[in-house]
Amino acid sequence: MTLDRKTPPAIHDAIEFDYNLPPVNTQHLSNGLPLYWLNAGVQDVAEIDWVFPAGLWYEQKPAVAHATAGLLKNGTSKRTAHEIHEALEFYGASLKTSANNDFATVTLYTLTKHLPELLPVVHEIITDAIFPEQEVAIHKQNAIQRLLVNQRKCEFVANQRIDALLFGEFHPYGRYSKKEKIEALTREDMLDFYKECYDLANVRIFMSGNIGDKEVQHMEAVFGKIPVTKKEIVTETFSAPAPSAKKHNVVNDPNGVQGAIRIGRLFPNRHDPDFAPMVVLNTLFGGYFGSRLMSNIREEKGFTYGIYSSLSPYMNGGSMIIHTEAGRDVLDAAVKEIYREMDILCNETAGEDELMLVKNYLLGSLLGDLDGPFSIMQRWRTLILNGFTVDYFNRNIETYKTITANKLRDLAQKYYKTDEFYEVVVI
């Protein structure tokens, strides 16, 4: 067959493709622990996530969630921090620990052939962390130093203040780091939080890569043999703050030549029917480089190098925030333009070409997320942790493909009421 080099291949929009999330295997280990695993990819590598309900939502004392996650691999009753890191590096593996608003995650990246040697190390870290006093002292010293440096940055302060305004400073999602809170942490605080929230009975395990039954059996041999008893973690009930002043100006550096703008409001999480449609509207408004905000405030006005709007869904609430940094002399003008773009979306429908571009961007980005076992499992992890099935994924795809300009205008009228937004400007 002769190759025709004169006729280019057909070009298809991302909206024309079908999107199928590859199925995940769901099973329980012998002791009842849930394991979700995905066999995909050609390289003999694996990513394993152990996810615990140990985020800021579960804190009984400020700053303890991040500290506990940060020190989890810094010593057990059998190994020092150095010996743990040495054991991981010997096999070329990487182990990361982190905590966000809702969850804490222990993540292992390794060649699959090393799982028999590395899974016992991870098990030891998860079940036998001791938080040595010396490691606690070093962590607190480093955390305070990072905080003092960051507090000189207007964007860091603005991020703290907008969350505190939206949720309340004493709400888990609105708390922010303070020097005295970090100084007040003790080893006993971390041990108590660790014993309560890192109980193995509460873990959910996600494993992806070029893996199969053999790797599942390795997991069973290490994590499936010890009996566990499920227990409920008790948390407080929190609510949004009472309405207060909407506009706040903070002078963080009297000589600063640049300021940070954060404009936000509370917004429902993924369980709300408006969430998926709002993803489309948010993308058009400020969710990608070709957005309305970027075209106006960066490209046309030249006020900033970048401006974005983002949705932040959590397990117990969420927010929508516009964020940018701009020159001190154009901060007020930039704020006015942000609100002007909101008003336009409330009163005018988007053009079909612009809407098609946004849809193709969203769906094209999704194509990239479905390429590779790790990113596919991250999609599944989000669904599972939020209590969704693949039907939720499919419904979202349908929404992205079929949503109309009129629907977007209706959403804008509902959520872009400028008097419902909190505004923080930090210089």
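No value in this document is a laboratory result; all are computed from the given coordinates. Just so we're clear, the structure is a prediction, and the values are computed from it rather than from any experiment. Cβ: placed from backbone, ideal geometry, glycine included. Neighbour counts: every protein chain shown.
Just checking my list (i) 0.99; (ii) 1.46; (iii) 1.09 against Cα Rg over 2.2 N^0.38 Å computed from this structure; which label fits?
(iii)
Any idea how far apart Ser295 and Thr2 come out in nm if each label point goes 7 Å out from Cα toward Cβ?
4.5
What aspartates and glutamates sit close enough to Lys78 to cross-link, taking a C-alpha to C-alpha distance under 15 Å and skipping anything fewer than 8 places away on the same chain?
Glu86, Glu124, Asp128
Does a label point 7 Å from the Cα of His271, set along Cα-to-beta-carbon, have any residues of segment 218-236 with amide nitrogen under 18 Å, and which are they?
Taking a point 7 Å out along Cα→Cβ of His271, the residues of segment 218-236 whose backbone N falls under 18 Å are 232-236.
Need one number: % antiparallel among DSSP beta bridges in segment 25-223, to the nearest 5. Mind showing how you got there, number by number?
Values: 26 of 31 bridges.
In segment 25-223, DSSP labels about 85 percent of beta bridges as antiparallel.
Picking from Val251, Val45, Val234, which is most flexible by a Gaussian network model of the chain using Cα springs under 10 Å?
Val234
Remind me, relative contact order of segment 247-426 in percent, using alpha carbon pairs under 8 angstrom and six or more residues apart? Don't skip to the answer; put the middle values down first.
On the way: 244 pairs, mean separation 63.6, N = 180.
In percent, rounded to a whole number, it is 35.
Suppose R0 equals 56 Å. What FRET efficiency, 1/(1 + (r/R0)^6) with r the Cβ-Cβ distance, do Asp44 and Ala333 give to the nearest 0.05? Let's see the in-between values first.
Working: r = 55 Å, r/R0 = 0.99.
My answer for the efficiency is 0.50.
Can you tell me the length gained on complete extension of the stretch Ser98 to Thr382, counting 0.36 nm per residue apart and subtracting the Cα distance? Please report the intermediate quantities before stating the final value.
Numbers: separation 284, 0.36 × 284 = 102.24 nm, distance 1.60 nm.
Length gained between Ser98 and Thr382: 100.6 nm.
Taking a cut-off of 19 Å between Cα atoms, list the aspartates and glutamates near Lys414, but don't count ones fewer than 8 places away on the same chain.
Asp272, Asp274, Glu341, Asp343, Glu348, Glu423
In a GNM of the chain with a 10 Å cut-off on Cα contacts, which of Thr229, Thr283, Thr349 has the highest mean-square fluctuation?
Top of the fluctuation ranking is Thr229.
Quick check: residue separation of Val250 and Ala10 times 0.36 nm, minus the Cα distance between them. What number comes out in nm?
Details: separation 240, 0.36 × 240 = 86.40 nm, distance 5.41 nm.
Working it through step by step, the gained length comes to 81.0 nm.
Provide, for q = 0.17, 0.22 Å⁻¹, the log10 of I(q)/I(0) from a solvent-free Debye sum over equal Cα point scatterers in segment 149-201.
-0.72, -0.91
Once you keep just the Cα pairs under 8 angstrom separated by 6 or more residues, what percentage relative contact order results for the chain?
Working: 697 pairs, mean separation 92.8, N = 427.
Relative contact order, the chain: 22 percent.
Ile138 versus Lys178, label points 7 Å from Cα toward the beta carbon: distance in nm?
2.9
What distance in nm separates the simple spin-label points at Asp18 and Thr349, each placed 7 Å from Cα in the Cβ direction?
Computed distance between label sites Asp18 and Thr349 equals 3.1 nm.
Can you pick out the pairs among Lys181/Lys417; Lys178/Lys246; Lys181/Lys230; Lys113/Lys195 whose Cα atoms lie more than 25 Å from each other?
On the way: Lys181/Lys417 36 Å; Lys178/Lys246 23 Å; Lys181/Lys230 31 Å; Lys113/Lys195 31 Å.
As for pairs spanning more than 25 Å Cα to Cα, those are Lys181/Lys417; Lys181/Lys230; Lys113/Lys195.
Take the Cβ-Cβ distance between Glu169 and Tyr109 as r, set R0 to 41 Å, and report the resulting FRET efficiency rounded to the nearest 0.05. Please list the in-between numbers first.
Working: r = 37 Å, r/R0 = 0.89.
So, using R0 = 41 Å, E works out to roughly 0.65.
Less than 12 Å Cβ to Cβ from Gly55, Lys/Arg counted +1 and Asp/Glu -1: what total charge do the surrounding residues give?
Values: positive: Arg175; negative: Glu59, Asp102.
Every neighbour counted, the sum reads -1.
Expressed in nm to one decimal, what extension gain is obtained for the pair Asp371 and Glu196 from 0.36 nm per residue of sequence separation less their Cα-Cα distance?
Details: separation 175, 0.36 × 175 = 63.00 nm, distance 3.70 nm.
Working it through step by step, the gained length comes to 59.3 nm.
With springs only between Cα atoms under 10 Å, which of Ile11, Ile182, Ile263 fluctuates most in a Gaussian network model of the chain?
Ile11
Using 1/(1 + (r/R0)^6) with R0 = 22 angstrom and r between the beta carbons of Tyr392 and Asn25, what's the FRET efficiency to the nearest 0.05? It would help to have the intermediate numbers written out before the result.
Working: r = 19 Å, r/R0 = 0.85.
Efficiency, from the Cβ-Cβ distance: 0.70.
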